[in-house]
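Remarks on the structure that follows.
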Amino acid sequence: MNHCIDFYFFSGTGNTLLVVKRMSEVFQSKGHEVHLKRIEKSMPDDVNTECTIGLGFPVAVLSTYDLVWKFIKELPDVDGTEIFMIDTLGGYSGGIVGPLKSILESKGYKTIGACEIVMPLNIFYIQDSTVNTKKVEEGLLKAENYALSLLNNESKWGHFPLLPEVMRFISKMGIRLTATSVHQKILKFKVDKLRCDKCGICRDICPSNNIKMGEYPLIGNSCEYCMRCVSMCPFNALVSIFNYQGKTYSAVKPKEFK
Ligand SMILES: Cc1cc2nc3c(=O)[nH]c(=O)nc-3n(C[C@H](O)[C@H](O)[C@H](O)COP(=O)(O)O)c2cc1C
Ligand code: SF4
Ligand code: SF4
């Protein structure tokens, strides 16, 4: 690992952010200089290829969000720059690590480690806080150990060639489907006007600038379904069909994303 580590990450509701921060603390405790960079605010061309590069992101639809893929695909070609990844997930990732390794190696990166960390599910069925707290503790412990394994040159980036490619294809189709305007309209979150206090937090934290403020928030058609706005609205005023019984999950406060 180089002295300098540029850690690019995307986090919808904070799980990945917690993991990335914990890993950074480990790197810093061993004397490394770490720069945390949010993918949604970064340009692939600006990546410093003299540093070791980290990538952190959540699993979404057996893959990850389009904005993350876009960033990764546009990373510059290099000659042996070290790169590692972590993803956080509710249970099953579809094996994104394999296809990602192929893409990065074709660009000339040296893939030094990949790790998938189970954290609380932030969509569909939200578990109770005791279960989620335990998952976070276990996830952060795994993150610490992974960071140490990277520092000790003991980490690995496995590659499982067949099934992940199939899953990646299925996932790509799924993500494409959710991006169509028909689906964006069908799946659009509703604003509960009795609850909304017009604070604008949802607009300020949306990574794809998909929310404008009229009298109330106006949600557009370029949602990535990261769940950040729904989960972090202080008044629980965004209603989504993805949240069973309206329960939401977030690992951090909205100010982390402003
Ligand atoms: C739209 C969406 C799709 C998801 N798809 C998966 C999935 O395919 N497999 C999985 O294990 N978890 C899935 N999850 C759960 C997240 O990967 C998990 O909760 C993650 O830790 C969230 O990280 P974040 O808080 O950094 O956004 C999904 C979450 C969302 C919002
Ligand atoms: S964050 Fe919630 S309360 Fe604030 S404007 Fe958005 S929907 Fe309304
Ligand atoms: S509208 Fe909400 S769920 Fe969609 S991208 Fe923005 S913050 Fe994420």
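Just so it is clear, none of the values below were taken in a lab; they were calculated from the coordinates. Just so it is clear, the model here is predicted, and its values are computed rather than measured. Cβ atoms come from the backbone with ideal geometry, glycine included; neighbour counts cover every protein chain shown.
What is the distance, in nm, between label points placed 7 Å from the Cα along the Cα-to-Cβ direction at F124 and at Q245? The modelled label-to-label distance comes out at 1.7 nm. Could you calculate the FRET efficiency of S222 with N2 from 1/(1 + (r/R0)^6), where r is the beta carbon distance between them and R0 is 22 Å, rounded to 0.05? FRET efficiency, S222 to N2: 0.05.
With 10 angstrom as the radius, rank M213, M23, M85 by how many other C-beta atoms surround their C-beta, starting from the fewest. Each step should come with its number before you reach the end.
Values: M213 13, M23 28, M85 24.
Ordered by Cβ neighbours within 10 Å, fewest first: M213, M85, M23.
Summarising the amide proton neighbourhood of M213: residues at separation of 5 or more, or on other chains, whose placed amide H is nearer than 5 Å comprise L218.
Each helix, a run of at least 4 DSSP H residues, gives -39500 (n - 2.57); summed and divided by the residues of the chain, these come to -10500 deg cm²/dmol at 222 nm. Placing +1 on the Cβ of every Lys and Arg and -1 on the Cβ of every Asp and Glu, with nothing else charged, gives the chain a dipole about its Cα centre of roughly 1040 debye. Exposure proxy shown here: for D204, D6, D66, the number of other Cβ atoms within 10 Å sets the order, fewest to most, as D204, D66, D6. Of all beta bridges DSSP finds with both residues in the chain, what is the antiparallel percent, to the nearest 5? Antiparallel: roughly 20 percent of the beta bridges in the chain. Each 5 Å bin, from zero up to the one with the longest distance, holds this percent of the alpha carbon pairs of the stretch 167-258: 2, 14, 23, 24, 20, 10, 4, 2, 0.
Give K110/K185; K70/K156; K107/K188 a once-over and call out the pairs whose C-alpha atoms are over 30 Å from each other.
Working: K110/K185 41 Å; K70/K156 24 Å; K107/K188 37 Å.
With Cα atoms farther than 30 Å apart: K110/K185; K107/K188.
Here K172 and D45 are evaluated by their C-beta separation; at R0 = 30 Å the FRET efficiency comes out at 0.80.
Under 8 Å for C-alpha pairs, at least 6 residues apart: give me the relative contact order for the chain, rounded to a whole percent. Please report the intermediate quantities before stating the final value.
On the way: 459 pairs, mean separation 53.4, N = 258.
RCO, the chain: 21 percent.
In a DSSP loop and with at most 15 other Cβ atoms within 10 Å, the GluC sites (Glu not before Pro) in the stretch 88-154 are E154.
Shown here for the stretch 109-163: chymotrypsin sites (Phe, Trp or Tyr not before Pro) in loop regions (DSSP other than H, G, I, E, B) with at most 16 other Cβ atoms within 10 Å, namely Y125. Here the chain is described by how far its Cα atoms reach on the three principal axes: 54, 35, 32 Å, from widest to narrowest.
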